[in-house]
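Below is one structure, written out as structure tokens; comments come after it.
Laboratory data are not the source of any read-out in this text; all were calculated from the coordinates shown. Because the structure is predicted, anything quoted here is derived from the model rather than measured. Backbone-built Cβ (ideal geometry, glycine too); neighbour counts: all protein chains shown.
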């Protein structure tokens with residue numbers, strides 16, 4: 001789980017990669033952004049601002065069932081309002097690249113190539129080499145952060161399970177309840193785009 005401050009910094013640095021906001025603010029699975037055709041399932045036209053919901057077609061979901069996700073936090077809608085339609089047209093490879101770049105800017109991802117590049121620059125300048133180790137954020141870490149903070153804020157695992165498309169609340173009780181405080185959750189859901 002990432003802290004609200006670190007996620008806020010990440011969100012501000014990667015505002016051009018707005019699909020990450022759906023993961024941070026809405027708990028959307030990574031696979032919903034890239035399944036089968038490589039096109040994201042969270043399509044620009046599938047956002048319903050009136051009903052405050054997102055439709056995910058059956059061919060794009062883990063269980064092959066159409067999903068209507070509602071009850072999403074208000075900060076997600078503020079990010080989606082500012083997201084241009086062309087962002088939703090990126091293919092899977094472009095999305096993965098943008099996610100990696102956003103994680104790098106936030107300090108959550110350091111790859112071996114980045115370390116080698118930094119050491120070549122330092123060597124040319126006669127500076128000491130870095131001793132960094134490669135780091136990778138856990139798979140679906142943004143979704144897990146959302147689940148943790150949503151449960152902490154609302155104290156309603158059933159509501160969170162519905163948004164996450166979990167069949168029952170047991171996973172939330174076992175893994176997320178009690179990890180974050182309600183004060184941390186308030187900060188997390190106050191991450192908003194700059195005006």
For an R0 of 25 angstrom, estimate the FRET efficiency from the Cβ-Cβ distance between residue 112 and residue 91 and round to the nearest 0.05. 0.50
Could you sort 92-98, 144-150, 133-139, 168-174 so that the peptide with the highest average Cβ count within 10 Å comes first and the rest follow in order? 144-150, 92-98, 168-174, 133-139
Could you give me the radius of gyration and the Dmax of the range 127-195, taking only the C-alpha atoms into account and expressing both in angstrom? 16.0, 55
For the range 155-195, rounded, prolate or oblate, judged on the Cα gyration tensor with a ≥ b ≥ c (square roots of eigenvalues), a/c < 1.5 rounded, else prolate if a/b > b/c? oblate
Gyration tensor (alpha-carbon) shape descriptor, the range 73-195, a/c threshold 1.5: prolate
Fewest to most Cβ atoms within 10 Å: 141, 59 sort as 59, 141
Return the distance in nm (one decimal) between the two label points of a simple spin-label model at residue 175 and residue 49, each offset 7 Å from Cα along Cα→Cβ. 3.4 nm
Mind giving me the FRET efficiency for residue 127 and residue 192? R0 is 41 Å, r the Cβ-Cβ distance, nearest 0.05 is fine. 0.60
So for 86, 127, 118, fewest C-beta neighbours within 10 Å to most, what's the order? 86, 127, 118
I need the shape label for the range 62-136. Rule: rounded when a/c is under 1.5, else prolate if a/b > b/c, else oblate, with a, b, c from the alpha carbon gyration tensor. prolate
What FRET efficiency comes out for the pair residue 120/residue 140, r = Cβ-Cβ distance, R0 = 45 Å, nearest 0.05? 0.85
